[in-house]
Amino acid sequence: MPQLENYEVFLEKQVKSGKPRLKLEEAAAIREFFQGKATPAEAATRFTSDVTSATKRKGAEASLRTIWVLIENLGARFPEQHDKLIQLMEAIIALPDMILGSECIKMLTFSLTEGWDNTPTERINRVAFEAKLYKHDIFITSYNGFSILSETFEYSPSTPPQLDTASNRKLSVDIQLAEKWILNAGEKLFTCTDIYENCRFETAGGLWKGAKGFSRKRWAFWRQRASEIGSWKELGSETREAAWAIVEVMESIEGEAGW
């Protein structure tokens, strides 16, 4: 996988010509927070000055969406900073002088549902970040996680794809995306029962012939498919290992639930 740039270089680029554009003070707040020179609360206050100074809700929402996009782009490029970014987002939600309420702020994290990924590596990093946000109740819907699991295990080939084909490469990426959701938020997905709020997953199709929505039977089907894919020698070792990691974690979650 290609080497990702240093976050300081990325911040400098965002200040000079980024879309969205980053202000010098905002870049300094992030840099100092990453370096341990500022607390989450201090960084959140400095990073959201445009939001907290807004006098109208529309302006605050626009500024906050810009912040979410910047945070997502950081998460896509620098997975080693995921924990710090989650702390920053939690601190932003907790700010007392927001014109927006905390639930509205969480709703705006829907801006994170699709990033501007330049490489498969960035997409994998972004999905891992998204799953962690869901686990921490910042990203408030499970739909993306369930959709990735459905795409990976219900719409992938039923037999091993040939080496060095588009189908093989797509499955390799999809398995890694599914692994990120299972490893980071699998337990929360498994216990998700509130269909009308946080478990918005109403689709069915592909290799899955059961009912729409999430169910333990569908979970078991995904695990079975992961096991099958993990045995396909036509896939690279990284993909097979990711598939077996999915199986192991799913079985562990089931065991802890007494299922």
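Applying the selection to segment 156-188, what residues are in contact with a Phe, Trp or Tyr (Cβ under 9 Å, 6 or more places away or on another chain), in contact (Cβ under 8 Å) with a residue 40 or more places away in the chain and part of a loop (DSSP other than H, G, I, E, B)?
Matches in segment 156-188: Pro160, Pro161.
Go through segment 8-95 and tell me which helices (runs of 4 or more DSSP H), entirely inside it, have 2 or more residues that are closer than 22 Å to Lys135 by Cα.
Values: elements: 24-34, 40-47, 49-52, 57-77, 82-93.
Result: 40-47, 57-77, 82-93.
Going by what's in this entry, would Ala60 be described as buried (at least 17 other Cβ atoms within 10 Å of the Cβ) and modelled with pLDDT of 85 or more? If you could, list the steps in order and put the result at the bottom.
Details: buried (at least 17 other Cβ atoms within 10 Å of the Cβ): yes; modelled with pLDDT of 85 or more: no.
Judged against the criteria, Ala60 is not a match.
Give segment 240-257 a look and list any residue that's exposed (fewer than 15 other Cβ atoms within 10 Å of the Cβ), touching a residue at least 40 places away in the same chain (Cβ under 8 Å) and of a type in the set (D, E, K, R), or say none.
Selection gives Glu256 alone.
Can you find, within segment 123-143, the residue that is modelled with the lowest pLDDT among those that are closer than 21 Å to Trp219 by Cα and surrounded by fewer than 23 Cβ atoms within 10 Å (Cβ to Cβ)?
Across segment 123-143, the extreme among qualifying residues is Ile140.
Can you find a residue that is of a type in the set (Ser, Thr, Tyr) and under 19 Å from the mean Cα position of the chain (by Cα) anywhere in segment 62-76?
Yes, segment 62-76 has at least one match.
So the check is Cβ under 7 Å with 6+ separation or different chains; which pairs have a first residue in segment 42-66 that's assigned by TED's automatic domain parsing to the domain that holds Lys84 and a second one that's of a type in the set (Phe, Trp, Tyr) and part of a helix (DSSP H, G or I)?
From segment 42-66, the pairs are Ala43/Phe33.
The values are calculated or read from the model by the stated rules, or taken from the named source; none is laboratory data. Remember, it's a predicted structure, so these values are computed and weren't measured experimentally. Counting neighbours? That spans all protein chains shown, and the Cβs are built from the backbone with ideal geometry, glycine included.
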